[in-house]
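Each remark here refers to the structure printed beneath this line.
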Amino acid sequence: MKLDKAIEASLKNVPKAVAAGVVDMGSGMMLDMKTTASHPQEVFDFLAAATKDMFEGENVVTIENIFKKARGSKATEHYFKEIVVYSTNLLHYFTRLPNNAGVVFAVVCAADANVGLVMVKAREIAKDLEI
């Protein structure tokens, strides 16, 4: 599924979705995003950077490396695959693409959305997203 179609599908099919976007972890840039509300462009730039920090920030990578060393693992992939964050009014779901772990797909929903349904629907879209 193409990027724009995946974002449209998210807003249509993920329960109570109000925004969806895709972040390239290599560059830390937002590849595309759509929201039902208007926000200044600089907010999107910071959202991309914050997503990168959550998944691959310095402290996160340090913790991953400590666990890898303790377990004798030589794996190079990152441990964090999915993250759910609740803010005051919103549920934020982030997942690495199954076919491209260097890209994170995010969907933002109303806080009262069913988190299980949000994850199931968003995972279906992420699975088919091709970047």
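The figures follow:
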{"item": "Strands (runs of 3 or more DSSP E) completely within region 80-131 that count 1 or more residues being open to solvent by 70 Å² or more (accessible area, probe 1.4 Å)", "result": "82-86"}
{"item": "Hits in region 23-47 (condition: within 19 Å of residue 79 (Cα to Cα) and of a type in the set (A, V, I, L, M, F, W, C))", "result": "23, 25"}
{"item": "In region 49-68, the residues that are out of contact with any strand residue (DSSP E or B) (no Cβ under 7 Å at 6 or more places or on another chain) and either surrounded by fewer than 10 Cβ atoms within 10 Å (Cβ to Cβ) or not charged (D, E, K, R) (or both)", "result": "49, 50, 57, 58, 59, 60, 61, 62, 63, 65, 66, 67"}
{"item": "Test set (1) in contact with a helix residue (DSSP H, G or I) (Cβ under 8 Å, 6 or more places away or on another chain); (2) touching a residue at least 24 places away in the same chain (Cβ under 8 Å) - residue 29 fails condition number", "result": "(2)"}
{"item": "Any hit, region 87-101, residues being closer than 18 Å to residue 11 by Cα, modelled with pLDDT under 95 and out of contact with any strand residue (DSSP E or B) (no Cβ under 6 Å at 6 or more places or on another chain)", "result": "yes"}
{"item": "Residue 33 vs. criteria assigned to a loop (DSSP other than H, G, I, E, B) and under 25 Å from residue 114 (Cβ atoms)", "result": "no"}
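Conditions tested, residue by residue: (1) closer than 25 Å to residue 110 by Cβ; (2) modelled with pLDDT of 95 or more; (3) crowded, with 18+ Cβ neighbours inside 10 Å; (4) among the β-branched types (Val, Ile, Thr).
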| site | (1), (2), (3), (4) |
| --- | --- |
| 5 | yes, yes, no, no |
| 13 | yes, yes, no, no |
| 17 | yes, yes, yes, no |
| 28 | no, no, no, no |
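The values are calculated or read from the model by the stated rules, or taken from the named source; none is laboratory data. Everything numeric in this text was worked out from a predicted model, so none of it was measured. All Cβ positions, glycine included, derive from the backbone under ideal geometry; neighbour counts span all protein chains shown. Ligands, DNA and RNA are stripped out before the accessible areas are found, and what is left, the full protein with its side chains, is counted by its heavy atoms. Shrake-Rupley method; radii C 1.70, N 1.55, O 1.52, S 1.80 Å.
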